[in-house]
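Visitor: Here you go, one structure.
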Amino acid sequence: MLFNVFQIPALVLSAVIALVSIIAWRNDFIFQRYQFSVGAIRYHKQYVRLISSAFLHANGWHLFFNLFTLYFFSGIITLVYGWLGFLLLFFGSVLAGNLFSLWLYKNRPSYAAIGASGGVSGILFAAITLSPMSSIIIFPIPIPITSWIYATLYFAYSVAMMLNPRHYDNTGHAAHLGGAACGMAFAAALTPTFVMENALFIGIMSLPLCYLAYEILVNKRAR
């Protein structure tokens, strides 16, 4: 089935995000006032941006891919944790991703970002933590890949891009990784049985994150 009742919270949330994003495309003041901005948060205490930025997107494709992913991975999260758990995980991951970005780029006041990717990453990687041996299809490539392998490759790529930034890359990898780590921690804390059963795969998935932590905390990279 392409739809079930456990995806209703994601549909409602997606509708709100889509509506706000469309409004912001036509109103630059809203876009500028509520996007994630290191300078505005640090120096003007505009903490609402830590959450409001999730309701803004650069364009239709950015919005579509986030909501597409959110929809297809929301069902298992709502089934296991309920609609309240789904919302707590989504907004907690948004906050975690943006706080990680704020800490990482605190000396770059011009750094700005938008999108629900931190929250979506939290939902996605909590779902993978619950079922790392399931298959995932990377749209639009119709070839299934085992979830834990996808997660490992995704983390490795994101870490590499963070540590070796490219001028053409406009992706907020820090928000993605912060949200994903929050999702994994959420699943581990509330459903430890799943984590223990899949400890090997989750450990492999976590290796790029451990390497990132080493580079940031020990070698002071990407700051």
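Visitor: Among the β-branched types (V, I, T), open to solvent by 50 Å² or more (accessible area, probe 1.4 Å) and either assigned to a helix (DSSP H, G or I) or closer than 17 Å to F68 by Cα (or both): is that true of I141 in this structure?
Guide: Here the answer is yes, as I141 does meet what is asked.
Visitor: Right, here's the next one. Need the failing condition index for L207 against (1) free of Cβ contacts under 8 Å to residues at least 24 places away in the same chain; (2) surrounded by fewer than 16 Cβ atoms within 10 Å (Cβ to Cβ), just the number.
Guide: (1)
Visitor: Does M162 satisfy the condition of being hydrophobic (A, V, I, L, M, F, W, C) and without any contact (Cβ under 8 Å) to a residue 24 or more places away in the chain?
Guide: So M162 fails the test.
Visitor: Looking at the range 112-138, which of its residues are open to solvent by 40 Å² or more (accessible area, probe 1.4 Å), β-branched (V, I, T) and in contact (Cβ under 8 Å) with a residue 12 or more places away in the chain?
Guide: Residues satisfying the conditions are I114, I138.
Visitor: Assess whether M196 counts as being out of contact with any Leu (no Cβ under 8 Å at 6 or more places or on another chain) and surrounded by 16 or more Cβ atoms within 10 Å (Cβ to Cβ).
Guide: No: the conditions fail for M196.
Visitor: Of the conditions (1) over 15 Å from the mean Cα position of the chain (by Cα); (2) surrounded by 13 or more Cβ atoms within 10 Å (Cβ to Cβ); (3) without any contact (Cβ under 8 Å) to a residue 60 or more places away in the chain; (4) closer than 21 Å to T171 by Cα, V38 clears all except one; give me its number.
Guide: Against the list (1) over 15 Å from the mean Cα position of the chain (by Cα); (2) surrounded by 13 or more Cβ atoms within 10 Å (Cβ to Cβ); (3) without any contact (Cβ under 8 Å) to a residue 60 or more places away in the chain; (4) closer than 21 Å to T171 by Cα, V38 comes up short only on (3).
Visitor: Turning to a different aspect of this structure: Considering only residues that are hydrophobic (A, V, I, L, M, F, W, C) and either in contact with an Asp or Glu (Cβ under 6 Å, 6 or more places away or on another chain) or closer than 23 Å to P165 by Cβ (or both), which ones fall in the range 93-123?
Guide: Matches in the range 93-123: V94, A96, L99, F100, L102, W103, L104, A112, A113, I114, A116, V120.
Visitor: May I ask you to say which residue of W148, W103 is under 26 Å from A40 (Cβ atoms), open to solvent by 50 Å² or more (accessible area, probe 1.4 Å) and under 17 Å from the mean Cα position of the chain (by Cα)?
Guide: Within the list W148, W103, the selection yields W103.
Visitor: Does L88 satisfy the condition of being open to solvent by 70 Å² or more (accessible area, probe 1.4 Å), at pLDDT 95 or above and out of contact with any Leu (no Cβ under 7 Å at 6 or more places or on another chain)?
Guide: Yes: the conditions hold for L88.
Visitor: Within the range 41-77, which residues are open to solvent by 80 Å² or more (accessible area, probe 1.4 Å), touching a residue at least 12 places away in the same chain (Cβ under 8 Å) and not hydroxyl-bearing (S, T, Y)?
Guide: Within the range 41-77, R42, F65 qualify.
Visitor: Separate question: Looking at this structure, is V16 crowded, with 22+ Cβ neighbours inside 10 Å and under 18 Å from the mean Cα position of the chain (by Cα)?
Guide: Spelling it out, it is not the case that V16 is crowded, with 22+ Cβ neighbours inside 10 Å and under 18 Å from the mean Cα position of the chain (by Cα).
The values are calculated or read from the model by the stated rules, or taken from the named source; none is laboratory data. Values in this document were obtained by computation on a predicted structure and should not be read as measured data. Counting neighbours? That spans all protein chains shown, and the Cβs are built from the backbone with ideal geometry, glycine included. All accessible areas refer to the heavy atoms of the entire protein, side chains included, with ligands and DNA or RNA removed. Shrake-Rupley method; radii C 1.70, N 1.55, O 1.52, S 1.80 Å.
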